[in-house]
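K.L.:
What follows is a structure written as structure tokens; I'll ask about it next.
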Amino acid sequence: MPFGAPISIAPLTSFVTSVSYQWTGYGNANTSRIVEICYSAKYSTTIGRCQTISDRQQAVIHSFDGLDASGKFWIRHRIFGGSYPAISSASDSVTVMHQ
């Protein structure tokens with residue numbers, strides 16, 4: 001599920017200056033996981049520009065700096081092993097700072 005732009009959407013001339021995120025794992029005894037943060041341009045249905053963030057559950061990153069702040073950010077989990085269905089115990093979050 002994407003993190004969509006809130007009602008107070010950034011103006012067209014606003015650009016990303018940093019992105020902070022926090023993700024929570026799945027309690028299904030998985031053997032491994034790949035967690036990525038991805039960006040989709042405004043009006044796009046394509047998920048792209050993904051960066052692996054599996055090694056840190058929370059951080060501030062600058063790899064999306066300069067992109068249009070009215071795009072969408074996604075946290076995508078791919079888990080392997082364990083029991084299914086896998087249900088997350090908490091919500092992930094993304095905060096976009098823009099100028």
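K.L.:
Can you give the accessible area per residue of the chain, in Å², using a 1.4 Å probe?
P.N.:
So the chain comes to 62 Å² accessible per residue, rounded to a whole number.
K.L.:
Pull up all non-local amide H partners of GLY71: gap of 5 or more, or a different chain, and H-to-H distance under 5 Å with H placed in the peptide plane.
P.N.:
Hits under the 5 Å cutoff: LYS42.
K.L.:
Of all accessible surface on the chain at a 1.4 Å probe, what whole percent is carbon and sulfur?
P.N.:
About 56 percent, which is the carbon plus sulfur part of the accessible surface.
K.L.:
Also, I was wondering about something else. So what is Rg over Rh here for the chain, counting just Cα atoms and using Kirkwood for Rh?
P.N.:
1.00
K.L.:
Using Cα pairs under 8 angstrom and six or more residues apart, how large is the relative contact order of the chain, in percent?
P.N.:
Values: 206 pairs, mean separation 48.0, N = 99.
It rounds to 49 percent for the chain.
The values are calculated or read from the model by the stated rules, or taken from the named source; none is laboratory data. Computed from a predicted structure; not experimentally measured. Ligands, DNA and RNA are stripped out before the accessible areas are found, and what is left, the full protein with its side chains, is counted by its heavy atoms. Shrake-Rupley method; radii C 1.70, N 1.55, O 1.52, S 1.80 Å.
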